[in-house]
Amino acid sequence: MKPLGVQINNLRLKSPLMTASGTSGHGDGTAVLSNSSRIISSLGAFVTKGVTLDRREGNLEPRIVETRAGIINSIGLQNNGVEVFVKKELPEFLNVDLPIIVNIAANTVDEFSMLASYLSDNDPGQIIRGIEINVSCPNIKKGGIAFGIDPLQVERIVKTVKKRVDSRIVVITKLTPNVTDITLPARAAIEGGTDALSMINTLRGMAIDIDTGKPLLGNKSGGLSGPAIKPIGVFMVYECFEKIPECNSREVPIIGIGGISSWQDALEYIMAGATAVGIGTAWFVNPDIFNRIYNGIKKFINNREETISDLIGKAHKG
Ligand SMILES: Cc1cc2nc3c(=O)[nH]c(=O)nc-3n(C[C@H](O)[C@H](O)[C@H](O)COP(=O)(O)O)c2cc1C
């Protein structure tokens, strides 16, 4: 049996599979994990839902609408705020034998800075192994335009977060696909000192109820995820691996996310250049998805000469 372990900077993962942020909760997500050793043994890391400095109620309901090839969500980063997260939700992960990566979101660079410091300074059990910066949130100082589409802002946020967190914590920058050229924010994150990149977050979308003539989501628009976005994610991973030397050398590894619902999908991302992959929407459909994908990849590799490492970026070779 060939091992499926991969390396994300100084973080060793026993499997290339991770949860995608927001699709498996915070502390409450551990209820799912503690009930299933199958999930734990298939995963390499658990990524929490986005945490913000203060409590957020989230957007108007309905917050999720189904479409033919995925879902559109506008949860609005509902969460209890970082203090409650650290006191009540984070300790629940103590019994989970997986590296925990905390996804963070904020509306200003200063908020990102405070959030990162708070998490790093208030984790005596050293549960947090990584911080994933969600740069898709609106910059309120710039009229609500998402940070992630402005490379300068991305660089500033990453620099600030890197400065604030303990060096044992891996910093991952999660990129938005709502840009023309994904390599620009990717390069900016690398300039800011990110340890890894994850891509993609959801694409902006909308659905309309033709009976009422009104948008179906309370927030009108939201983020599209699921099978529809997979070819976009695969292309963006491919572009970064192809054009950015730090990605190509895996000095800054890529975590591929978006529309993965089978082991074949996961392998496409890996061959495009991803070292690990995140799975979100598919978990809503199939609670056994991680196990299935893990076993599928294992079987594929065991039937070949190649190791998991040989497959990373294979689509670029020759
Ligand atoms: C209900 C829901 C909530 C999400 N919340 C977050 C979040 O808090 N932070 C974040 O960075 N991404 C969030 N995402 C985006 C996912 O992590 C992922 O990038 C996206 O859904 C694409 O992957 P998928 O097609 O496998 O779901 C959320 C997605 C969904 C569907």
Tell me whether region 62-82 contains one or more residues that are within 13 Å of the ligand (Cβ to nearest atom), under 30 Å from I312 (Cα atoms), of a type in the set (K, R) and buried (at least 16 other Cβ atoms within 10 Å of the Cβ). no
Can you name every residue in region 131-151 that is among the small types (G, A, S) and either within 13 Å of the ligand (Cβ to nearest atom) or assigned to a helix (DSSP H, G or I) (or both)? S136, A146, G148
Among the residues of region 266-295, count how many are closer than 22 Å to P99 by Cβ, more than 9 Å from the ligand (Cβ to nearest atom), in a helix (DSSP H, G or I) and aliphatic (A, V, I, L, M). 4
Would you please name the residue that is farthest from the ligand (Cβ to nearest atom), looking only at residues in region 191-219 that are among the charged types (D, E, K, R) and more than 24 Å from the chain's Cα centre (by Cα)? D211
Report yes if some residue within region 40-50 is free of Cβ contacts under 8 Å to residues at least 24 places away in the same chain and under 27 Å from L115 (Cα atoms); otherwise report no. no
Those residues of region 261-304 which are of a type in the set (V, I, T) and within 18 Å of the chain's Cα centre (by Cα), in sequence order: I270, T275, V277, I279, T281, I289, I293
Is it true that R156 is touching a Phe, Trp or Tyr at 6+ places or on another chain (Cβ under 9 Å), modelled with pLDDT of 95 or more and of a type in the set (K, R)? yes
The residue that is farthest from the ligand (Cβ to nearest atom), considering only those in region 221-260 that are under 15 Å from the mean Cα position of the chain (by Cα) and of a type in the set (G, A, S), is G256
Which residue is farthest from S74 (Cα to Cα), if the candidates are limited to region 172-182 and must be without any contact (Cβ under 8 Å) to a residue 60 or more places away in the chain and within 14 Å of the ligand (Cβ to nearest atom)? I182
Tabulated pairs, region 108-122, first in contact (Cβ under 8 Å) with a residue 24 or more places away in the chain and surrounded by 15 or more Cβ atoms within 10 Å (Cβ to Cβ), second assigned to a helix (DSSP H, G or I) and among the aliphatic types (A, V, I, L, M), C-beta under 6 angstrom, 6+ apart or interchain: V109/I157; F112/I157; F112/V161; L115/V82; A116/V161; Y118/V82
Are there any strands (runs of 3 or more DSSP E) wholly within region 183-265 with 2 or more residues that are among the polar types (S, T, N, Q) and in contact (Cβ under 8 Å) with a residue 12 or more places away in the chain, and if so which? 221-225
For region 24-35, does any single residue satisfy the condition of being modelled with pLDDT of 95 or more, of a type outside the set (F, W, Y) and more than 14 Å from the ligand (Cβ to nearest atom)? no
Out of the residues in region 50-61 that are surrounded by fewer than 23 Cβ atoms within 10 Å (Cβ to Cβ) and within 12 Å of the ligand (Cβ to nearest atom), state the one that is nearest to I210 (Cα to Cα). N59
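The values are calculated or read from the model by the stated rules, or taken from the named source; none is laboratory data. As the structure is a computational prediction, the values presented were derived from the model and not from experiment. When we count neighbours, we look across all protein chains shown, and the Cβ atoms used for this are built from the backbone with ideal geometry, even at glycine.
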